[in-house]
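The values are calculated or read from the model by the stated rules, or taken from the named source; none is laboratory data. What you are looking at is a predicted structure, and each value in this text was computed from that prediction instead of being measured. Positions of Cβ are generated from backbone atoms using ideal geometry, with glycine treated the same way; all protein chains shown enter the neighbour counts. For the accessible areas, the whole protein counts, side chains as well, though only heavy atoms, and no ligand, DNA or RNA atoms are used. Shrake-Rupley method; radii C 1.70, N 1.55, O 1.52, S 1.80 Å.
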Amino acid sequence: MTFTTNETSKQALQKFQGFDVDTQLAILWFGYLDIKDQLTPANATSAQEEAAALYHAILAMPKEQQLQAQRDIASRADTDISRAYKAVSSSSKLDVWLRLAQGMDKGEIITVPSDYQLPAETNDFVAQIKQLDFEERINFTRSAVIEMGAK
């Protein structure tokens, strides 16, 4: 299932899925930083509860395990956290990543190192994403994260 509605978004999603897991995680982080001031989450209570449960499970982990949990979800590994993620609704999945990004912003969740630079091969991709309007960026992100979680 995808939520992308235009060809640019669909092409961007295919490119995103071709990047390695750490690059995908960094793109999600930088994407959040780019639009965080415009975000006004309004998910159903059930989606918020599912997302909160997963977020708190990751929050309770030591920092390196927090990173591994995110890698497991993004790489669709067959782990407990990745299976739990796969079982929640698409709205909850988007909310999990929002909560993780907000947790990184607050220093609760392991962050992308401050000196991290995206690989050069992502430059065109990032420029393509920045051309999307806000709703398309949200739809792109939802489409990217909905595919994550255990296979």
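Things to note:
- Complete set of residues in the range 64-89 that are open to solvent by less than 20 Å² (accessible area, probe 1.4 Å) and polar (S, T, N, Q): 66, 70, 82
- Residue match in the range 19-36 (condition: touching a Leu at 6+ places or on another chain (Cβ under 7 Å) and outside any helix (DSSP H, G or I)): no
- Scanning the range 95-110 for residues that are of a type in the set (Gly, Ala, Ser) and open to solvent by 40 Å² or more (accessible area, probe 1.4 Å) turns up just one, 107.
- Among residues of the range 132-147 that are within 22 Å of residue 88 (Cβ to Cβ) and open to solvent by 30 Å² or more (accessible area, probe 1.4 Å), those with a beta-carbon under 7 Å from a residue that is of a type outside the set (A, V, I, L, M, F, W, C) and not in a helix (DSSP H, G or I) at least six positions away or on a different chain give the pairs 139/4; 139/5.
- In the range 111-130, the residue that is modelled with the lowest pLDDT out of those that are surrounded by 10 or more Cβ atoms within 10 Å (Cβ to Cβ) and among the polar types (S, T, N, Q) is 128.
- Pick from the range 105-127, criterion hydroxyl-bearing (Ser, Thr, Tyr) and under 17 Å from the mean Cα position of the chain (by Cα), ranking: farthest from residue 71 (Cα to Cα): 122
- Positions within the range 77-101 being touching a Lys or Arg at 6+ places or on another chain (Cβ under 8 Å) and closer than 13 Å to residue 58 by Cα, in sequence order: 82, 85, 101
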